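> Can you read through this structure? Questions will come right after.
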């Protein structure tokens, strides 16, 4: 009887989870999606607590309370810290799955049927590599670890070898589940592999890597569902896994790279060649005053933000600029590249936090057609995603990557600290165009000066 | 046992298809909240951890289970809080002159 009741809560929870994601499709219904998710989660947990086999409620209570105590501050981090928080939560999810998988192994060994052992191995391998991989990603995003990719000769060979070794151990355990001593290797090797996998990944590849880790976390949870024979867990894991997978595909398409290229490519090696032949080509620069007068004379302005805006925490100044220009009747919109920032959708969250209405935030495909009718394209802290070499120079490492066609606007303004190359180490021909004005300075203070100039001109 | 695994595979496959169809429709505007929400939902793994810790079959399972509950619960609580915070920030232009 109680077993049936528990199943009913799980079925309702499953339906609520699917609805939750469905409602997330639009900003107008999205919050309802969170409520549905919360309700489903509460139901499933309450249902589980009814389970007769539970004798030690004290431990469960301690776990739930401690988790809540840790969870609340993790839910209240600053919006700029969301990428590392997300990576950290992938690590926590993977930790949970790995620990449960480990316990299940030791509870059931040595009588584990081959298929069960295979799924259990998958759960533990995916879980532990996601755990350390996500911790590494979080460390890089928090800048505790160096953000530059670290590469060495034979790196891919070492990584693939380790993965093969882990799979070898799994196969051995499937055939001889009584070899309990082998099991620690099944955790340890993927733990090291997770670290090695993220070592060569640079900051700009983080959106893809976070999505991929998200997908692994989901798949490991689904594998746990297979082991525990829990349909609810399989479904939640499959939803999370496919979500991460879709995002990874979107991200790698937006960089014109394959998964394997992101994971095994290591991007940073090209810059030496580009830097060698580079002559000092003159660029045109402008002051905040000049920029303000051009902007106020424009009727359509497109702002293109990038990771530099997030680093400079310039989003609130950008909002002031948006207000000042809108008040003068200038049509201001934002062009968001899918990989701008450090995780999918990063720029949208920062701009929404600064109170910029979401209908002003346009996807790349939507805004690209409008650049020829745009008076000014203002680029704040973005580089490679605006590089026209991606369209024209077949020798460029980013050739073929979809970019924001800012060079088709009548005037291009670029706020940039210096002429240093972007993440990919590639020079940007955009900066040498006749129509391009370089605005050298810190994004936050430069946008602030433009806003002041606009305010001053308005009063006179 | 074999039969169960087969049923599980069917469930997994159907759920993956539903996931693809539902998530493909999520606007790129909301990709960050999407990731934090799926992360919170994924922490439903807590039910497995609760059973493991609650059954207390041996000390190893109980301890690992409890740590697993902590990890998953922090994802549930943190994930829902931050997703809701983000979604509250997304506002439309409203009655503003064109």
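> Report, to the nearest 10°, how far helix A:183-198 tilts away from the longest principal axis of the Cα atoms in chain A, using its own Cα long axis and a range of 0 to 90°.
Around 0 degrees separate the two axes.
> Ok, one more. Testing the spin-label approximation: label points 7 Å from Cα along Cα→Cβ at residue A:261 and residue A:418. State their distance in nm.
Each label point lies 7 Å from its Cα, and together they span 3.0 nm.
> What's the extension gain from residue A:155 to residue A:180 if we count 0.36 nm per residue and subtract their Cα-Cα distance?
Stretched fully, the residue A:155-residue A:180 segment lengthens by 5.9 nm.
> Still on this structure, I have one more. Using the alpha-carbon atoms, what tilt in degrees (0 to 90, nearest 10) does helix A:82-108 show relative to the longest principal axis of chain A?
10
> Give me the one-decimal Kirkwood hydrodynamic radius in Å for chain B, with the sum taken over alpha-carbon pairs.
Result for chain B, one decimal place: 16.4 Å.
> Using only the Cα atoms of the protein assembly as shown, build the gyration tensor, take square roots of its eigenvalues as a ≥ b ≥ c, and label the shape rounded, prolate or oblate: rounded if a/c is under 1.5, else prolate if a/b is larger than b/c, else oblate.
prolate
> What is the calculated FRET efficiency for residue B:21 to residue A:62, with r their C-beta to C-beta distance and R₀ = 60 Å, to the nearest 0.05?
Efficiency for this residue pair is about 0.90.
> Residue A:142 to residue A:76: extension gain in nm, 0.36 nm per residue of separation minus the Cα-Cα distance?
That works out to 22.2 nm of additional length.
> Another question, then. Just to confirm the number: angle between the C-alpha axis of helix A:288-297 and the first principal axis of chain A, 0 to 90 degrees, nearest 10?
90
> Quote the FRET efficiency, to the nearest 0.05, computed for residue A:323 versus residue A:171 with a Förster distance R0 of 56 Å and r equal to the Cβ-Cβ distance.
0.35
> Does segment A:92-189 come out rounded, prolate or oblate by the C-alpha gyration tensor, with a ≥ b ≥ c the root eigenvalues, rounded set by a/c under 1.5 and, if not, prolate when a/b is larger than b/c and oblate if not?
Cα axes put segment A:92-189 in the oblate bin.
Since every read-out is calculated from the coordinates, none of them should be taken as a lab result. Since this is a predicted model, take the numbers as computed values, not measurements. Every residue, glycine among them, receives a Cβ derived from its backbone with ideal geometry; neighbour counts consider all protein chains shown.
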